[in-house]
Every structure is written in C-alpha cells, then in structure tokens.
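Any read-out appearing in this document is the output of simple, stated calculations on the displayed coordinates, not a laboratory observation. These figures come from a predicted structure and were not determined experimentally. Please note: Cβ atoms are built from the backbone with ideal geometry, for glycine as well, and neighbour counts cover all protein chains shown.
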C-alpha cells in the first residue's frame, strides 16, 4: 500500500515536471484604432516575447519593451493601431515562463 | 566573515521583479522623438496609504511634449520584491513618442452615410484627416 502511494507521488511529480503545464492569461489590453481607416487596408503584424523565471527570480521585465520594438520594426513607415497584447504565463515545476503576444494593424498612409 | 556579510547583503538588496500589468496605445508613424516617465514607491510591509505617486507620470509626459501629442505609450506596472517580501517597490513606467501637431477630436470626424439597397440606415463610415501630420 505504501509502495503504491510512493509510486503515485513520484509519478505525479514527474508528470508535473515534464508534462503537466498550466497556462493563465493575466490580461489582454487593446489599444484604440487610429486613424479611422478601413481595417482591411491595414497589414496584420505580430510579435512575441518571453521570459523564463525560476522560483520567482527575475531582475527585469525588458521582454515587454523588446516585443513592442519588434512590433514597431515591422511597420517602419506606418501607424501601428488596434494593438492587442496578451500577457500570459506558462507554469512548470518551480518555474514558469512569462509570455507576451502583441498583435496589431500596420496602416500606411 | 566578509563573504557571509556580502552574501546576506546581496540577498537582501537584490529584488525579484514581477510584472503586474501592461497597457499600450496606437504607435504613430513619426517616431523621431521619444518621451519617457517613471514613478516608484518603496513600500514596507504593505503600508501604503495612497497611490498618488502614479499621477506625476501624466504631467511628466506632458512636460516633455508641450506642443504635440503623446502617442504609442507603453505603460508597465511592476513590483520589485526584496528580502522575504517584507518590503517591495512599486514602479510604473511609461514610454511613448511625441508627435508634433494636434490630435483629431471627435468633432473632426466627418461622418458620411452611404445609402443601402434596402433603404435601411447604413452604419456611418468614419473618415477623417490623419490624426497627426
């Protein structure tokens, strides 16, 4: 009986280490749509950034700025509008990865 | 002894940053002038009686762009947790672009209505001059 419990414990820990991941969405802010142009005229662009954190030890959150820059670089001479920035975490064993996914519309005038 | 003291100081003084929220606005085509503002407050054991430190960010951005529109603003709210979460720092930072010219107001929007085949009222088509030149 005891052996079975130990096996179940080890199995659960192993599963959560290698397989068991959970995701949580923290927020999805959406920017305004400006200028007032037809949405079809814009080009959809996106950028992703992430940060791996072990037991909460993180010294900066610059992955957000880097993602924002990546998004802007894809629209060199235009306006990036209607930006949706999904911020979420992917949980692992005593560690997690913070993700940010930005999607926008590049409008050139 | 010195090493132990240094290790303790390192643990106490190094903070772990966590992101609370992010917000952003549309990014203008003209990104030649950058503006940035940040504000932070040190909080001990959760004793914080107001959040007024955030208010200075808006005025800071305004000061840096007196004759233009601040656009493409990326705002971050972070917590920097120090030793055993006994004290921490709340920081709000905003980065954006100053675009010379005025912002288009609702009155500037020219609403044009197109007739529909069934005679029903069509949704207004909003056109305007570019918000910023």
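Would you tell me the mean number of C-beta atoms belonging to other protein chains that fall within 10 Å of each C-beta in B:23-35, as a whole number?
6
Using just the C-alpha positions of the range A:60-109 as equal point scatterers, what log10 of I(q)/I(0) does the Debye formula give at each q in 0.17, 0.20 1/Å?
Per q value, in the given order, log10 I(q)/I(0) is -0.58, -0.71.
Once both axes come from the Cα atoms, what is the angle between helix A:63-73 and the longest principal axis of chain A, in degrees from 0 to 90, rounded to 10?
With rounding to tens, the tilt is 30 degrees.
What distance in nm separates the two pseudo spin-label positions at residue A:90 and residue B:77, each 7 Å out from Cα along the beta-carbon direction?
That separation, rounded to one decimal, is 2.7 nm.
Over 21 Å apart: what share of the alpha carbon pairs of the range B:14-103 falls there, rounded to a whole percent?
Here the long-distance tail beyond 21 Å is 39 percent of all Cα pairs in the range B:14-103.
Contour minus end-to-end for residue B:89 and residue B:20, with contour as 0.36 nm per residue of separation and end-to-end as the Cα-Cα distance?
This chain segment gains 23.6 nm when fully extended.
Work out the FRET efficiency for residue A:101 and residue A:4 from their Cβ-Cβ distance, taking R0 = 30 Å, and round it to the nearest 0.05.
0.10
With r defined as the distance between the Cβ atoms of residue A:54 and residue A:108 and R0 fixed at 41 Å, what FRET efficiency is calculated, to the nearest 0.05?
0.45
Please work out the FRET efficiency for the pair residue A:24 and residue B:63, using the Cβ-Cβ distance as r and a Förster radius of 41 Å; give the result to the nearest 0.05.
0.60
Give the Cα extents of the range A:22-107 along the principal axes, in whole Å, largest first.
46, 22, 15
Please sort A:42-50, A:81-89 by packing, taking for each peptide the average over its residues of neighbouring beta carbons within 10 angstrom, highest first.
Highest mean packing first, the order is A:81-89, A:42-50.
For residue B:52 paired with residue A:73, estimate the spin-label separation in nm (one decimal), with each label point 7 Å from Cα along the Cα-to-Cβ line.
Modelled inter-label distance: 4.3 nm.
Please rank B:69, A:97, A:79, B:58, fewest neighbouring Cβ atoms within 10 Å first, as an exposure proxy.
B:58, A:97, B:69, A:79
Could you state the angle between the C-alpha long axis of helix A:2-18 and the longest principal axis of the C-alpha atoms of chain A, as a value from 0 to 90 degrees rounded to the nearest 10?
Roughly 20 degrees between the two axes.
Quote to one decimal, in nm, the extra length available between residue B:6 and residue B:41 on full extension: 0.36 nm per residue of separation minus the C-alpha distance between them.
Difference between extended and current length: 10.0 nm.
So what is the relative contact order of chain A, in percent, for Cα pairs below 8 Å that sit 6 or more residues apart?
Computed over chain A, the figure is 38 percent.
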